Amino acid sequence: MRLELWEAVDDYFVDLLISSDPVLEAALHDCDSARLPQHHVSPNQGKLLHLFVQIQGTRRVLEIGTLGGYSTIWLARALPSDGYLVTLEANPHHAEVARKNLARAQLMDKVDLRVGNALETLPELQSAAPFDFIFIDADKPNNPYYLDWALRLAKPGTVIIGDNVVRNGEVANAQSSDPKVQGVRSFCELLAANPRVSATAIQTVGSKGYDGFAIARVTH
Ligand code: SAH
Ligand code: DHB
Ligand code: MG
């Protein structure tokens, strides 16, 4: 019942505010045909990422967790002509679907898709750093390590977004035995404890259920 209502409201906003786009729709279609998990951001969340990049005037984006490249398209399309985006994906099948979706979107000149465990590819990014905007959306148990790397690859003013930090409200359950919940809890606790960042977290409902994201700005 609640999910139905949230979905109806998302449909209303998406129909109203997000112009229908054959490239984004084809990307979602091909993610489904290739049986990728339906873990991509919703269209209105994708648009939010796109707006953040434009509002910040971002030139260099780092994304951890590409899946089929849906969020990547939203982010990369917001970049100026000299902007670039590095996206990290461990699963070669996901990366192959993403490569086709990004090629269809004519974004491969701006996007550097690196296949491999992000814990191994992140240390190779020192020369592409600093990044202005970092979207952390891969395996949640590793979020504390991704935050550590994000901070190393950041500069004052960098925005760091962590997706899926609410997890049906389980984030507030300290006793949770779910390693994903413990990963996002540690991530939020590290944000809170770090004097170099100013952070908040926002709950969301909609077509992707009950979840949310953390937003942090690197101050110095
Ligand atoms: N950002 C995407 C969704 C990402 S889903 C979107 O919104 O469209 C999470 C992705 O992280 C999956 O494709 C998964 O294969 C990838 N992943 C999981 N563990 C990883 C790791 N250790 N390194 C890199 N990618 C990883
Ligand atoms: C999960 C991961 C995601 O990135 C997402 O958007 C939704 C769910 C998950 O691992 O459960
Ligand atoms: Mg996510």
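All of the numbers you see were taken from the coordinates with simple rules; none came from a lab. Predicted, not measured: the structure shown is a model, and the values here were computed from it. Positions of Cβ are generated from backbone atoms using ideal geometry, with glycine treated the same way; all protein chains shown enter the neighbour counts.
Looking at 84, 105, 205, which one has the Cα that reaches farthest to the positive end of the dipole of the stretch 2-218 (charges on Cβ: Lys, Arg +1; Asp, Glu -1)?
Farthest towards the positive pole: 84.
Given Cβ point charges of +1 (Lys, Arg) and -1 (Asp, Glu) and nothing else, what value in debye, to the nearest 20, does the dipole of the stretch 2-218 about its Cα centre take?
Here the size comes out at about 580 debye.
D for the chain, whole µm²/s, Stokes-Einstein with Kirkwood Rh over alpha-carbon pairs at 25 °C and 0.890 mPa s: what number?
Reported coefficient: 140 µm²/s.
Would you mind checking which residues have amide H under 5 Å from residue 41's amide H? H placed 1.01 Å from N; only 5 or more apart, or other chain.
71
Looking at 8, 51, 23, which one has the Cα that reaches farthest to the positive end of the dipole of the stretch 6-77 (charges on Cβ: Lys, Arg +1; Asp, Glu -1)?
51
Over the stretch 2-218, how many pairs of lysines fall under 29 Å by alpha carbon, counting only those 8 or more apart in sequence or from different chains?
17
Considering only DSSP beta bridges with both partners in the stretch 2-218, what is the antiparallel share in %, to the nearest 5?
The antiparallel fraction comes to roughly 45 percent.
With a sphere of radius 14 Å drawn around the Cβ of residue 68, what net charge do the other residues whose Cβ falls strictly inside it have (Lys, Arg +1; Asp, Glu -1)?
For residues surrounding residue 68, the net value is -3.
Please build a GNM for the chain, connecting alpha carbons under 10 Å apart, and tell me which residue among 94, 29, 50 fluctuates the most.
The residue that fluctuates most here is 29.
Mean separation of Cα pairs under 8 Å and 6+ residues apart, divided by the residue count of the stretch 2-218: what relative contact order is that in percent?
18
Once R0 is set to 22 Å, what does the formula 1/(1 + (r/R0)^6) return for the Cβ-Cβ distance between residue 196 and residue 124, expressed as a FRET efficiency to the nearest 0.05?
Once rounded, the FRET efficiency stands at 0.45.
Give me the base-10 log of I(q)/I(0) for the stretch 30-140 at each q in 0.13, 0.23, 0.24 Å⁻¹, Debye formula, one uniform scatterer per Cα, rounded to two decimals.
Normalising to I(0) and taking log10 leaves -0.42, -1.40, -1.51.
³J(HN,Hα) across the stretch 146-152 via Karplus (A = 6.51, B = -1.76, C = 1.60, θ = phi - 60°), whole Hz, x for Gly/Pro?
Along the stretch 146-152, the couplings run 5, 5, 4, 5, 4, 5, 5 Hz.
Taking the Cβ of residue 126 as the center, what net charge do the other residues with Cβ under 15 Å away carry, scoring Lys and Arg +1 and Asp and Glu -1?
With Lys, Arg at +1 and Asp, Glu at -1, the neighbours total 0.
Net charge around residue 184, counting only other residues with Cβ within less than 14 Å of its Cβ (Lys, Arg = +1; Asp, Glu = -1)?
Residues close to residue 184 contribute a combined charge of -3.
For the chain, with a Gaussian network of springs between Cα atoms less than 10 Å apart, report the residue from 98, 154, 129 with the top mean-square fluctuation.
129
Given H placed 1.01 Å from N in the peptide plane, which residues other than close sequence neighbours of residue 153 have an amide H under 5 Å from its amide H?
Those qualifying (amide H under 5 Å, at least 5 residues apart or on another chain) number zero.
Treating the beta-carbon of each Lys and Arg as +1 and of each Asp and Glu as -1, no other charges, what is the dipole magnitude of the stretch 1-77 about its Cα centre, to the nearest 20 debye?
Dipole about the Cα centre, nearest 20: 480 debye.
Rounded to the nearest 500, what is the chain's calculated 222 nm mean residue ellipticity when only DSSP H runs of at least 4 contribute -39500 (n - 2.57) each, over all residues?
Calculated at 222 nm, the ellipticity per residue is -12500 deg cm²/dmol.
Report, in whole Å, the centroid distance computed from the Cα atoms of the stretch 139-154 and the stretch 20-95.
Their Cα centres are 19 Å away from one another.
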